[in-house]
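Report on the following structure.
Read the figures in this text as sums done on the coordinates, not as results from a lab. Treat the numbers as computed from the prediction; the structure is a model and nothing was measured. In this analysis, Cβ positions are derived from the backbone assuming ideal geometry, glycine residues included, and neighbour counts consider all displayed protein chains.
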Amino acid sequence: MTRETIDAIREETLAVLRPHAAPGDRVAHLDFPNHYNAGDSLIYAGEVEYLKRLNVHVDYVSDPFTHNDALLEERIGDGTLFLQGGGNFGDRWPIDQKFRESIVARFPRNKIVCLPQSIDFADTDALTRTAALYAEHPDLTLMLRERRSYELALAHFPGNRVEYCPDMAFGADVARSAEGSAVDVVKLLRADSESLGHESVKIDASSVQYDWGLRGTDLAISTAVMLPTLIAQHFPRANRLLYPALLRSYEQTAKLNLRVAQRILNLAPVVLTDRLHAAVLAAMMGKRVVAMDNANKKVSGIYDAYLHRFDNVHFASTTDEAAELVRQAVSDSRR
C-alpha cells in the first residue's frame, strides 16, 4: 500500500507541474535549505527528482546567503524560476520569506513558480504587503500543499495563479526500512517555535527522543561540507568562481541531513512525531507512524489532505490518543 500511495501522489504532483515547464527548458531552483533541517532536505530532494522527471535543465541553484543575480541572469536568461517549497511562507521564518520577496521584486520578466507551501502569517498586515508585492508580478504561480493555505491564498492572492499541489517531499527516493531493533519507539519532537509540548506523551515501551539536527562527527562533516557557502557568503566576489563547489555542497548537505534522519528513524519500528516531514519520511520508509500537530497545524492539514492515505500513519489529536496509538503500534510491531 505504501508504494502505491507514493506513486499516486507523485502522478498527481506531476500533473500540476507539467504545464509550468517544457522538456529542455532552462530553469533555476532557488532558496536551497542550507541548514540542518532534514525535512527541508527531503523537500529539496523531492523537488530535484520532479525536475528530472520534467526533463528540464536546472542551470542555476542558490541559497539565500550566496545568491547572485548576475549569475542567475547569465545562466537562465528569461527561464522559469522555481522557488523551494515547504512551511516557511509567512513571517515565522523571515530569512526565506524575505529572499522569496526579493526574487519576486527583482525578476518581473521571469516566470516564477513558488513550489508547494503552507501559509503562516501572524501579522495580517505582513500578509497584505506580501500579496500586494506578488500581485505586481505578471507571471507568478503560488502552489499550496494543504486546503487551509490553498483557501487563504485564493482569498489573498487574487492577482496570481493559485494551485493546489501535494508536498514535494513525496518525490524523494527513499528506501523502505520498516524495522528497527534498538528501541520500540523513536520520539522525534520539535524544540522550536512550532512545538506544542508533546514531550508529555507517556509511552509504556522503550524509547529515545530526538529532534532534527546534527551532532558530533556529523556536525563536523557538515561544517566541512558547508565551507564553500561560508566563503561565498563572506567574499561575494568569489561566488562565480565557487559556483561548482556550491552545487556539490548543496547536494552533500541534503544527503547528509537525510542520512542522519534515516539513521535516527531506523532505531525503532514505531515513530511518534510532531514534525511533518519526520512523519512523511517515516511513512515512506514503512514505519508505523503516530503523528501529532504542530503550532500552525500543517501536520493535521497534510494528514487530512493525503498523508492519511498511508495505512501505516495515524493522527492523534490528544496526548492520551497518541499514547494509545503508540501502544497499539508497538504491540503490532512485536508480532
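Taking a ≥ b ≥ c as the square roots of the eigenvalues of the Cα gyration tensor, an a/c ratio of 1.5 or more together with a/b no larger than b/c marks segment 290-335 as oblate. Under the criterion of Cα pairs below 8 Å and six or more residues apart, the relative contact order for the chain equals 19 percent.
Based on DSSP H segments of at least four residues, each scored -39500 (n - 2.57), the chain has a per-residue ellipticity at 222 nm of -14500 deg cm²/dmol. Each label was represented as a point 7 Å from its Cα along the Cα-to-Cβ direction; for Glu74 and Arg26 these points are 1.2 nm apart.
Ordered by the count of other Cβ atoms within 10 Å of each Cβ, fewest first, Ile43, Ile264 give Ile264, Ile43. Put simply, the amide H of Phe315, placed in the peptide plane, has neighbours under 5 Å in Ala291, leaving out anything fewer than 5 places away on its chain. Test of understanding: express the Cα radius of gyration of segment 140-231 as a ratio to 2.2 N^0.38 Å, with N the residue count. With N residues counted in segment 140-231, Rg over 2.2 N^0.38 Å equals 1.60. Summed over all non-identical Cα pairs, the Kirkwood treatment of segment 2-171 gives a radius of 16.1 Å. Going by neighbour counts of Cβ atoms within 10 Å, the residues Lys297, Lys202 line up, fewest first, as Lys202, Lys297.
Here is the tail figure for the chain: Cα pairs spaced more than 25 Å apart come to 51 percent of all pairs. Put in line by how crowded their Cβ is, counting other Cβ atoms within 10 Å and starting with the fewest, His234, His57 read His234, His57. Against the longest principal axis of the chain, how steep is helix 94-106, in degrees 0 to 90 to the nearest 10, with axes from Cα atoms? So the inclination is approximately 30 degrees. Cross-link partners of Lys52 among lysines, defined as those whose alpha carbon lies under 18 angstrom from its own and excluding same-chain residues fewer than eight positions apart: Lys255. Helix 124-135 axis versus longest C-alpha principal axis of the chain: approximately 50°, rounded to the nearest ten. Across segment 182-191, coupling constants 3J(HN,Hα) worked out from phi with the 6.51/-1.76/1.60 Karplus curve, θ = phi - 60°, read 6, 9, 7, 9, 9, 9, 10, 10, 5, 10 Hz, and Gly and Pro carry x.
Of all the options Ala169, Ala131, Ala254, the one that moves most in a Gaussian network model of the chain with Cα springs shorter than 10 angstrom is Ala131. Using the Cβ-Cβ distance between Lys52 and Ala8 with R0 = 25 Å, the FRET efficiency computed as 1/(1 + (r/R0)^6) comes to roughly 0.85. One chain, two ends: Ala15 and Arg263. Fully extended at 0.36 nm per residue, the span grows by 86.0 nm beyond their Cα-Cα distance.
Charge tally for Asn160 (other residues, Cβ to Cβ under 14 Å; Lys, Arg +1; Asp, Glu -1): -1. 3J(HN,Hα) couplings calculated from phi for segment 192-200 with the Karplus curve 6.51 cos²θ - 1.76 cosθ + 1.60 (θ = phi - 60°) are, in sequence order, 10, 5, 8, 6, 10, x, 7, 4, 6 Hz; Gly and Pro show x.
The phi torsions of segment 62-74, fed into the Karplus equation with coefficients 6.51, -1.76 and 1.60 and a -60° offset, translate into couplings of 8, 10, x, 8, 10, 4, 10, 4, 4, 5, 4, 4, 5 Hz, rounded to whole numbers, with Gly and Pro shown as x.
Based on Cα contacts under 8 Å between residues 6+ apart, segment 2-171 shows a relative contact order of 25 percent.
For Val61, the amide hydrogen comes within under 5 Å of the amide hydrogens of His29, counting only partners 5 or more places away or on other chains and with H modelled in the peptide plane. Estimated at 0.36 nm per residue, the fully extended path between Arg176 and Ala220 surpasses their Cα-Cα distance by 13.0 nm. When a/c is below 1.5 the answer is rounded, else prolate if a/b is larger than b/c, else oblate, so apply that to segment 46-110 with a ≥ b ≥ c taken from the square roots of the Cα gyration tensor eigenvalues. The shape class here is oblate.
The angle between the Cα long axis of helix 276-285 and the longest principal axis of the Cα atoms of the chain comes to about 70 degrees, rounded to the nearest 10. Comparing Leu272, Leu247, Leu51 in a Gaussian network model of the chain (Cα springs below 10 Å), the most mobile by mean-square fluctuation is Leu247. Charged neighbours of Lys111, selected by a Cβ distance under 11 Å, balance to -1 (K, R count +1; D, E count -1).
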